Each structure stands twice: as structure tokens, then as C-alpha cells.
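This report refers to the structure that appears directly beneath it.
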């Protein structure tokens, strides 16, 4: 049996703003854009990992009003699960993301458990970490 992660969902306030951040700052590309009513689910992918994607959607997309409101509250608090990307050049990646205007949470540092990493917030407040293997 083979199992692999295909995609993960990221809740954002503004899908277009998130596309610009994840595209311009991290180099991901739109591979699918699905609309249903007033909501959209946009899948972004990378040539470095074909078949793996992140799906961007707003808090109320595909959820009840109560669940969407709860998700919006968690997003506003910045407590939704973080994304962790890997890079083969953390310092160059850091400078590219910083130049995009993203809020820097942590400049690149060598962690005692091995990797060198940094952290940002995307435009919706989600934590994005970028790691380079030791």
C-alpha cells in the first residue's frame, strides 16, 4: 500500500490576496480554480512536488454560517494550523518572502533540533514556516 499527501486546505480571508502571496512570495502556481456560488476553492501547486497542493478558500466556503463564523474567529486569532515549507536556500527564500511585505515572525536561525528555519504570517494571519535541512 502506498499513501501520500495530496493536498491540504488553508483558510484565508481573501483568496486573490492569498494567491498573490503564495504565488509571488513562494512560487506556487494555480492548478485549479473552482467556483460554487459566491465561493471559490483555488488549488496551488509546485513543480518541485507535482501532485501535492494547497487549497485556498474563505471561512464560509462549504460550511454552515455557524461553522464559517467559528472558522473566521480562529483565523482572526491566528490559531489555525501552520504551514511548513522546505527550501534548499532558506536565506534567499526568506529575502523573497520578506520583500513581498509579509509580516516576519522569525528571521532564519539554526534550530537546536537540526534545521535552519524562519517564519512569516500570510496576509490572512496564518503562520507559514520555511525550513532548510541541516
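Report the residues of the stretch 85-127 in range of a label on residue 134: point 7 Å along Cα→C-beta, backbone N strictly under 11 Å from it.
110-116
Could you tell me how many degrees, from 0 to 90 and to the nearest 10, lie between the Cα long axis of helix 90-99 and the main elongation axis, the longest principal axis, of the Cα atoms of the chain?
50
Summing -39500 (n - 2.57) over the DSSP H runs of n ≥ 4 in the chain and dividing by its residue number, what mean residue ellipticity at 222 nm do you reach, to the nearest 500 deg cm²/dmol?
-6500 deg cm²/dmol
Given contacts defined as C-alpha pairs under 8 Å and at least six residues apart, what's the relative contact order of the chain, whole-number percent?
The normalised contact order for the chain reaches 23 percent.
Can you give me the angle between helix 65-77 and the longest principal axis of the chain, using Cα atoms only, in degrees from 0 to 90, rounded to the nearest 10?
Between the helix axis and the principal axis of the chain, the angle is about 20 degrees.
For residue 69 and residue 35, FRET efficiency with R0 = 22 Å and r from the beta-carbon atoms, rounded to 0.05?
0.50
What's the center-to-center distance, using Cα atoms, between the stretch 59-75 and the stretch 1-25 in Å?
Going from one Cα centre to the other spans 17 Å.
Could you check which residue among 77, 65, 38 shows the biggest mean-square fluctuation in a GNM of the chain with a 10 Å Cα cutoff?
Comparing 77, 65, 38 in the GNM, the peak value goes to 38.
Testing the spin-label approximation: label points 7 Å from Cα along Cα→Cβ at residue 24 and residue 60. State their distance in nm.
With each label point 7 Å from Cα toward Cβ, the separation is 2.7 nm.
Values in this text are rule-based calculations from the coordinates and carry no lab data. Since the structure is predicted, the reported quantities are computational estimates derived from the model, not experimental observations. Using ideal geometry, Cβ is built from the backbone for each residue, glycine included, and neighbour counts are taken over all protein chains shown.
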